[in-house]
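> My questions will all concern the structure given below.
The values are calculated or read from the model by the stated rules, or taken from the named source; none is laboratory data. Quick caveat, the model's predicted, so the values are computed rather than measured. Cβ atoms come from the backbone with ideal geometry, glycine included; neighbour counts cover every protein chain shown. What goes into the accessible areas is simple: the full protein's heavy atoms, side chains included, and nothing from ligands, DNA or RNA. Shrake-Rupley method; radii C 1.70, N 1.55, O 1.52, S 1.80 Å.
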Amino acid sequence: MKALTMMLWLTALLVVVQGEETFQVVFPSGVAATGQLMTQSETLAKPSVAAPSLSATGSDQYTIMMWDPDAPSPESATCRSWLHWMIVDATGSHLTGGETKVEYAPPTPPIGVHNYHVALYKQTASMSYYRAPASRCQFHPAAFASSH
């Protein structure tokens, strides 16, 4: 059986309340998400996310999200912004200790090259109360961020 190689475009976005921060998304395969084409095999396992410029002992909390705005295909994105992963209440420069609200689902684009986005949002309060959406399909990251 031959393994399929699918290409995907992964970018890291950062949304913070104040200031400009940078963060890194690195997959266990050793590949960092820096806006380049990646293979499906490189993204099978959940990545680590770190923000070296954040305080290692800071009390600020962050939400990490990954979504696909091209699902199921770039030409017909009827499931736009399919939610691949969500962690809330992550802290420190290594963004640890958070609570997984949506388990990591690796990219499996059925057709075409897909864009995948990973975003880091600074929270205004704990999100432990937040319930995962009933469906991963048609998640709205901007609406989520503006309402939380």
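> I'm checking my understanding of the structure. Among residues of the range 81-136 that are touching a helix residue (DSSP H, G or I) at 6+ places or on another chain (Cβ under 7 Å) and part of a strand (DSSP E or B), which one is least open to solvent (accessible area, probe 1.4 Å)?
119
Rundown of residues vs (1) in contact with a Leu (Cβ under 8 Å, 6 or more places away or on another chain); (2) farther than 20 Å from residue 107 by Cβ; (3) at pLDDT below 90; (4) not aromatic (Phe, Trp, Tyr), yes/no style:
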| residue | (1), (2), (3), (4) |
| --- | --- |
| 19 | no, yes, yes, yes |
| 23 | yes, no, yes, no |
| 26 | no, no, yes, yes |
| 35 | yes, no, yes, yes |
| 38 | yes, no, yes, yes |
| 44 | no, no, no, yes |
| 47 | no, no, no, yes |
| 56 | no, yes, yes, yes |
| 68 | no, no, no, yes |
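> Which number in (1) of a type outside the set (Asp, Glu); (2) open to solvent by less than 20 Å² (accessible area, probe 1.4 Å); (3) closer than 19 Å to residue 22 by Cα; (4) within 13 Å of the chain's Cα centre (by Cα) marks the one condition that residue 51 misses?
(4)
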